[in-house]
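Participant: Below is a structure I'd like to ask you about.
Here, each number is a calculation from the coordinates, and none is a lab measurement. Please read these numbers as outputs of a predicted model, since none were measured by experiment. With ideal geometry, Cβ positions are generated from the backbone for all residues, glycine too; neighbour counts draw on all protein chains shown.
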Amino acid sequence: MENLKRILGAVWIVLAILTAYFCIVQFGLPKLQTGQQEDLVFGIIILFILTPIISIGLAIFGFFALKGEYLKEKM
């Protein structure tokens, strides 16, 4: 079970990278390029607020899982 936690830590880090790419390429930049005000606001919110929160949160969780912070022995 402990090895599974470490493997899933790597999965979370990869998921963080993929989430950042997807949010930037699929949601953020196309909305900024349309020129409409409602799309511009949505694109700014996605790019500068939601993407960092989601990606950094997943990456930190994955880093700590890889490092072994969630092992039962440390409690």
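Participant: Just checking, does segment 53-66 include any residue being surrounded by 14 or more Cβ atoms within 10 Å (Cβ to Cβ), free of Cβ contacts under 8 Å to residues at least 12 places away in the same chain and out of contact with any Cys (no Cβ under 9 Å at 6 or more places or on another chain)?
Facilitator: There is no residue in segment 53-66 that is surrounded by 14 or more Cβ atoms within 10 Å (Cβ to Cβ), free of Cβ contacts under 8 Å to residues at least 12 places away in the same chain and out of contact with any Cys (no Cβ under 9 Å at 6 or more places or on another chain).
Participant: If you scan segment 21-75, which residues turn out to be among the aromatic types (Phe, Trp, Tyr) and more than 21 Å from Lys5 (Cβ to Cβ)?
Facilitator: Tyr21, Phe22, Phe27, Phe42, Phe48, listed by residue number.
Participant: Got a number for residues in segment 32-52 being in contact with a Leu (Cβ under 7 Å, 6 or more places away or on another chain) and either in contact (Cβ under 8 Å) with a residue 12 or more places away in the chain or of a type in the set (D, E, K, R) (or both)?
Facilitator: Total meeting the criteria: 2.
Participant: While we're on this one: Look at Leu40 and say whether it is of a type in the set (A, V, I, L, M, F, W, C), in contact with a Gly (Cβ under 7 Å, 6 or more places away or on another chain) and farther than 29 Å from Gly68 by Cβ.
Facilitator: No; evaluated as a whole, the condition is false for this residue.
Participant: I need the full set of residues from segment 32-49 which are of a type outside the set (Phe, Trp, Tyr), exposed (fewer than 14 other Cβ atoms within 10 Å of the Cβ) and part of a helix (DSSP H, G or I), in order please.
Facilitator: Gln37, Glu38, Val41, Ile44, Ile49
Participant: I'd like to know if segment 19-26 contains one or more residues that are exposed (fewer than 14 other Cβ atoms within 10 Å of the Cβ), more than 11 Å from the chain's Cα centre (by Cα) and in contact (Cβ under 8 Å) with a residue 60 or more places away in the chain.
Facilitator: no
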